[in-house]
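Heads up, the thing below is written out as structure tokens.
The values are calculated or read from the model by the stated rules, or taken from the named source; none is laboratory data. Values in this document were obtained by computation on a predicted structure and should not be read as measured data. Reconstructed Cβ throughout: ideal geometry from the backbone, glycine too, with neighbour counts over all protein chains shown. We work out accessible area using only protein heavy atoms, side chains counted, and drop any ligands, DNA or RNA first. Shrake-Rupley method; radii C 1.70, N 1.55, O 1.52, S 1.80 Å.
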Amino acid sequence: MAKDVSRVIGSGITILHDFDCAYYSIVKKTRVMTLKRGFPSDGATKFPDTDWILEGSFWHDGLHDAIAQGVIPENENDLIDKELAHIIRLEGGKKGGGWLSKKLLKARSKYVELATHLSNEKKGSTIPLYSIQNGKVTRLK
């Protein structure tokens, strides 16, 4: 991420408590999640990083990490997949796109929501995180 970005997380997702770390924060009361400058993401995991999915995939990665940190319950993996689909429908198309563009976004969001159900995050799980600076690779976690 080149700069901090924030959005209100869908009302169906349970936020157990406030959380703040170097990469993102969540405020329980306002439901605002902020992905901070430098937030690490691999884009759309195991899927091409097309313009219509990329923004939603950043939020999806943050929400998955929130499950791993115990901020969102493990049993809400399907709800964060629905949030991804929702973000795709809202942000995945060109502004002012016609009816065909809207139909494609709806179909794409449903497809992605179904495909993401194959992965279930668990509290305490970790994914290796690396920093690459001037060709030097350093594992962060």
Within 12 Å, Cβ to Cβ, of Arg31, how many net charges do the neighbouring residues add up to if Lys/Arg are +1 and Asp/Glu are -1?
+1
Along segment 27-38, what does the Karplus equation 6.51 cos²θ - 1.76 cosθ + 1.60 (θ = phi - 60°) give for ³J(HN,Hα), rounded to whole Hz, x for Gly and Pro?
10, 4, 4, 8, 6, 8, 10, 10, 8, 8, 3, x
Amide proton proximity set for Tyr24, modelled H, under 5 Å, gap of 5+
Lys36
Protein chains only, probe 1.4 Å: how do Asp65, Asp51, Asp42 rank by accessible area, largest first?
Asp51, Asp42, Asp65
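For segment 37-82, what is one quarter of the convex hull surface built on the Cα atoms, given in nm²? Walk me through the numbers before you get to the answer.
Values: hull surface 14.6 nm².
Mean projected area of the Cα convex hull: 3.6 nm².
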Which whole-number value in Å² is the accessible area per residue of segment 26-66, probe 1.4 Å?
50 Å²
